[in-house]
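The values are calculated or read from the model by the stated rules, or taken from the named source; none is laboratory data. These figures come from a predicted structure and were not determined experimentally. Neighbour counts run over all protein chains shown; Cβ positions are idealised from the backbone, glycine included.
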Amino acid sequence: MVAQAPPAWQPWRIGLFFAAYFAAAGVLAPYFPLYLEYRGLTAAQIGIVMAVAQGMRIFGPTVWGWLADHTTERVRILQFTSVAAALCFLPVLFPGGFGYLLLTMFAVHFFLTGPIPIAEAMTATQLRGDPRAATRYGRLRVWGSISFVAVVVSTGVLLDWAGVALQPWLVLAFLAATEAAGQLVRDAPHAPHAAAGVSVRALLAEPRVRWFFLSVLLMIFAHGALYTYLSLHLAALGYSKSAIGIFWVLGVIVEIGFFFVQGRVFARFDPFTLLAGSFALAALRFALIAEVAQFVALLVVAQVLHAATFAVHHSASILTIQRWFHGRATACGQALYVSIGYGVGGTAGSLLAAWLWSALGPSAAFLSSSVAALLGWLAVRRAREYDTAQRARESVV
């Protein structure tokens, strides 16, 4: 009997999955805090529920990444977690208070932490060694950004017209679309034995890797207030739901532009230079949101800086991890990025923002983000110093 060849890698399938997943995020991230407020939760309770999304990322991606690397069943795990997330969201449609919603979102986000690190690992496997990896990764990742923009804008208009009670039904619809897109995903051919010499534990013992992951933690920590409270902050300043959606989208539009041209940017600047720049601009962005968000022109500047604080940082981080973690360590590398950054950093950032918001007000919450970004700038500089020294030693050997 002739062995059946593995299904061919088809980038559009991963692109479509990114589009569906981030469409669901476009309904969930900007508007779920408003829905929770509609359900009667306090600002502190909203902060805790939203922090669950980050908290599940502490260990969820590690679980799914480990399973993916050790079973090589990446597609099946991606499909299973997509289905489970949609099913677990169903209880949100029914009455319940803070504890009920908190437990529901624990289950939802545990499964939502699985698909993206696995999809990123599949992409990294395919693009490793490709001289045009930055360009091709950007062209794939932009699918998610474009769908996010379209959904955020349309959802803001729809909720202004129909009311915020519609929001969870929209989330469920897009989670079902993510599930459907997951059924189309195919993996890149990969050889497990190729990674025999790659030790995740040994990599984590390297100072450059530890400082890099600390910088990732601090960047996502800095975004904790943004992802949890930007919509509430702007609503309190008098912006409509449609306007809030537009400001969310503005950041993603410039993100899309960067993804299209990032190949040329990465050809000119090394990832660590771009990472350092993203942290400096993040400190400026969150200070603007803290102090002058009531001025439309300055809020526009702050949101345009999303191209640096997310798109530049994300792509430079993914390409750095791709260089260090490969073979059967690929999914673990991506999972560590999510767990340390979005899990530990995002959870801590969201919880601190919730406390500062309640105790001192919105300005304090966003200024803490600016401080975290400055600390991240110092951490990434240390990572670069150690990486330069390590590569010099490797070149001698």
When you look at Thr104, is it farther than 26 Å from Ala176 by Cβ and out of contact with any Asp or Glu (no Cβ under 8 Å at 6 or more places or on another chain), yes or no?
no
Taking Ile340 and the conditions (1) among the β-branched types (Val, Ile, Thr); (2) at pLDDT below 90; (3) over 19 Å from the mean Cα position of the chain (by Cα), which numbered condition does it fall short on, given that it satisfies the others?
(3)
Pick from segment 142-157, criterion of a type outside the set (Val, Ile, Thr) and surrounded by fewer than 19 Cβ atoms within 10 Å (Cβ to Cβ), ranking: nearest to Phe32 (Cα to Cα)
Ser154
Which condition number in (1) surrounded by fewer than 24 Cβ atoms within 10 Å (Cβ to Cβ); (2) in contact with a Phe, Trp or Tyr (Cβ under 6 Å, 6 or more places away or on another chain); (3) under 24 Å from Phe259 (Cβ atoms) is the one that Leu305 fails?
(2)
Out of the residues in segment 178-199 that are part of a helix (DSSP H, G or I) and crowded, with 20+ Cβ neighbours inside 10 Å, state the one that is modelled with the lowest pLDDT.
Gly182
For the condition more than 15 Å from the chain's Cα centre (by Cα), closer than 25 Å to Leu360 by Cα and at pLDDT 85 or above, what is the one hit in His233, His223?
His233
Step by step: first the residues of segment 236-285, then only those that are in a helix (DSSP H, G or I) and polar (S, T, N, Q), then the one that is nearest to the chain's Cα centre (by Cα). Which residue is that?
Ser278
Ala372 fails exactly one of the following numbered conditions: (1) surrounded by fewer than 24 Cβ atoms within 10 Å (Cβ to Cβ); (2) under 11 Å from Ala222 (Cβ atoms). What is the number of that condition?
(1)
Taking Met122, is it crowded, with 17+ Cβ neighbours inside 10 Å, touching a residue at least 40 places away in the same chain (Cβ under 8 Å) and closer than 30 Å to Leu360 by Cβ?
no
Quick test for you: out of Ile340, Ile289, pick the one residue that is crowded, with 21+ Cβ neighbours inside 10 Å, more than 30 Å from Asp69 (Cβ to Cβ) and in contact (Cβ under 8 Å) with a residue 40 or more places away in the chain.
Ile289
Just name the residue that is farthest from Trp169 (Cα to Cα) out of those in segment 22-63 that are of a type in the set (Ser, Thr, Tyr) and under 18 Å from the mean Cα position of the chain (by Cα).
Thr62
Which of (1) among the basic types (Lys, Arg); (2) free of Cβ contacts under 8 Å to residues at least 24 places away in the same chain; (3) buried (at least 24 other Cβ atoms within 10 Å of the Cβ) is the odd one out, the single condition Arg57 does not satisfy?
(2)
For residues in segment 291-337 being farther than 20 Å from Ile244 by Cα and in a loop (DSSP other than H, G, I, E, B), which is modelled with the lowest pLDDT?
His326
Which residues, taken from segment 349-369, are among the aromatic types (Phe, Trp, Tyr) and surrounded by fewer than 16 Cβ atoms within 10 Å (Cβ to Cβ)?
Trp355
Count, please, the residues in segment 68-117 that happen to be closer than 17 Å to Pro168 by Cβ and free of Cβ contacts under 8 Å to residues at least 12 places away in the same chain.
6
